[in-house]
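Worksheet: one structure, shown below.
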């Protein structure tokens, strides 16, 4: 059976572009289904899935009502078409009838298409071709924590012209290549999969830990803890992808608390605790707050010690009182876990910016955090003082050893 690409379109404002895209996909030997979510007016031609079908699936049985709402309460019309399209696309997915998704268009199409894509499984090919892909204020909202590829068409997707045609060919080539080569998204692992949070200021520990985990029979998956990567990790934990976590870089807790650039939402540590998988926590990144490009935060913290990496990466030191608040959050989230947890306390510093002679070194604040955390944790949560700096291979090896012990004990209790 040939694989199928779903094309998400609004055919009331665009027509020839989508005929070209569909025919080009079919010329590659793939099937193509054209889904039309039009809201504004009659489409130039019907999609394989019509806007009337989408409207009804969203709850509005008459497409004329969608068009009326589009003029007066556009958000309601959009939400209805997103809901209807998502419902239909999920049914196609469950029936095995689609193998990749392509969105093409402007702002509205980008919003609708990527929202639908977010409901689809991790690993399924998803591509959005739009000039909005070059807009930094929107791209993060379109992609979020999902594996959506954005292709910047540069020019608007309105009527075929030589420049747009080149970009549409590139978009079709990209999605067809993804679909043709994709092995599917039902992945089976023959070893336990362990998530590892990482960033550059802890890489001397993280990189060796990957090799130590492999040696002990695990599949390590590093997740970049810059706010998005750790959010994505927590979502994947809830979806059942990981059987354990070594959380070297728990910085998202502090960034969320203090509204830094790398805020990671309210699931940090909580996801693993609620799902019930073993986790080892270290405090890298709690010693800093990312404020680059934020004039209000730069002014607020102008008297703090800071490390300037570049104009976007400016880290200021967190203080003892802020760290105590972070300790309380971490303790609350760990205390609810039914799986084993451990805290590792690196006595010589938490990051490459937090060691003697460097800008963010503050052992007094670090100690205040750990004292508060120890006082709030359940007695069965293991806390170990480690006489290494966190950003060292020795600390990475210790973290893996502790995790391995927890994981083995946990597995034995479940047998």
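The values are calculated or read from the model by the stated rules, or taken from the named source; none is laboratory data. For clarity, every value in this text was computed on a predicted model and none was experimentally measured. Note that each Cβ is placed from the backbone with ideal geometry, even for glycine, and that neighbours are counted across all protein chains shown.
Whether a residue is closer than 28 Å to residue 213 by Cβ and either part of a loop (DSSP other than H, G, I, E, B) or modelled with pLDDT under 95 (or both) was assessed, and residue 373 does not pass this test. Taking the listed residues 391, 387, 378, 335, the one that is in the same structural domain as residue 288 (by TED's automatic domain parsing) and within 14 Å of residue 285 (Cα to Cα) is 391, with no other qualifying. Of the residues making up segment 237-278, those that are more than 17 Å from the chain's Cα centre (by Cα) and under 15 Å from residue 338 (Cα atoms) are 243, 244, 273, 274, 275, 276, 277, 278. Go through the residues of segment 262-276 one by one and say whether even a single one is surrounded by 16 or more Cβ atoms within 10 Å (Cβ to Cβ) and assigned to a strand (DSSP E or B). So far as segment 262-276 goes, no, none of its residues is surrounded by 16 or more Cβ atoms within 10 Å (Cβ to Cβ) and assigned to a strand (DSSP E or B). Taking the conditions (1) in contact (Cβ under 8 Å) with a residue 24 or more places away in the chain; (2) outside any loop (DSSP other than H, G, I, E, B); (3) surrounded by fewer than 16 Cβ atoms within 10 Å (Cβ to Cβ) in turn, residue 255 satisfies each one other than (3).
The test for being closer than 23 Å to residue 149 by Cβ and out of contact with any helix residue (DSSP H, G or I) (no Cβ under 6 Å at 6 or more places or on another chain) does not hold for residue 103.
Entry remark, segment 261-272: residues being touching a strand residue (DSSP E or B) at 6+ places or on another chain (Cβ under 6 Å) and modelled with pLDDT under 95 number 2 in total. Checking 342, 307, 359 one by one, the residue that is modelled with pLDDT under 95, assigned to a strand (DSSP E or B) and not assigned by TED's automatic domain parsing to the domain that holds residue 136 is 307 and no other. Residue count for segment 208-252, restricted to those that are assigned to a helix (DSSP H, G or I) and either farther than 16 Å from residue 391 by Cβ or at pLDDT below 95 (or both): 16.
Residue 128 passes every criterion in (1) touching a residue at least 40 places away in the same chain (Cβ under 8 Å); (2) closer than 18 Å to residue 10 by Cβ apart from (1). Scoring residue 35 on the criteria (1) surrounded by 19 or more Cβ atoms within 10 Å (Cβ to Cβ); (2) modelled with pLDDT under 95; (3) not in a helix (DSSP H, G or I) leaves a single failure, condition (2).
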